[in-house]
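Structure, as C-alpha cells:
Every read-out reported here was derived from the displayed coordinates using simple, explicitly stated rules and does not represent laboratory data. Just so it is clear, the structure is predicted and the values come from calculations on it, not from any experiment. Please note: Cβ atoms are built from the backbone with ideal geometry, for glycine as well, and neighbour counts cover all protein chains shown.
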Amino acid sequence: MATAFRFKRIDASTKPVINWLYEGKSLTAYEGDTVAAALLANGIDYTRTTPVNNSPRAPFCMMGTCFECLMDIDGVPNQQACQIVVAQGMVAMRMQGARNTGSNTGNE
Ligand code: FES
C-alpha cells in the first residue's frame, strides 16, 4: 500500500521528542502527534488487517469516523490511532484480522 509518501510532515522540530514502540521497533514522534500521524510520518502505511482476507488497512479520515486505524495500544485492542496522542514509552501494535473482544464466542 503506497500511502506514506503522500504525507509530508510540517516542521514540528521545536516540540519535545517522544520515544515509543511500534511492533517492537523504537520510533520517535513530536509531542502532540497522534499515533496515526506519527506512524505515517515514520513511513508506516497500515495499522491493521481485515478479518475477511487480511488485507492491510490504513488511517483514512484522521478524525475518528472511519475506524480504519484500529490498533492495540498499550495492551488495549480496538483503539483509534488517530484519536490517541503518543506518550513516552507507549507500545502500539497492529491489529491482525478479527478483533478480540475477550468473549471468545467464535462468532466474530
Ligand atoms: S483514521 Fe478514521 S477513525 Fe482513525
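Quick notes
- Qualifying residues in the range 17-37 (those that are at negative phi and in a loop (DSSP other than H, G, I, E, B)) - the one farthest from the ligand (Cβ to nearest atom): 31
Matching residues to (1) exposed (fewer than 13 other Cβ atoms within 10 Å of the Cβ); (2) in a loop (DSSP other than H, G, I, E, B); (3) free of Cβ contacts under 8 Å to residues at least 12 places away in the same chain:
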position	(1), (2), (3)
39	no, no, no
46	no, yes, no
60	no, yes, yes
67	no, yes, no
72	no, no, no
77	no, no, no
83	no, yes, no
87	no, yes, no
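- One residue stands out in the range 48-58 among those that are in contact (Cβ under 8 Å) with a residue 24 or more places away in the chain and not charged (D, E, K, R): the one that is surrounded by the fewest Cβ atoms within 10 Å (Cβ to Cβ), namely 54.
- Entry remark, the range 40-74: residues being within 6 Å of the ligand (Cβ to nearest atom) and among the polar types (S, T, N, Q) number 1 in total.
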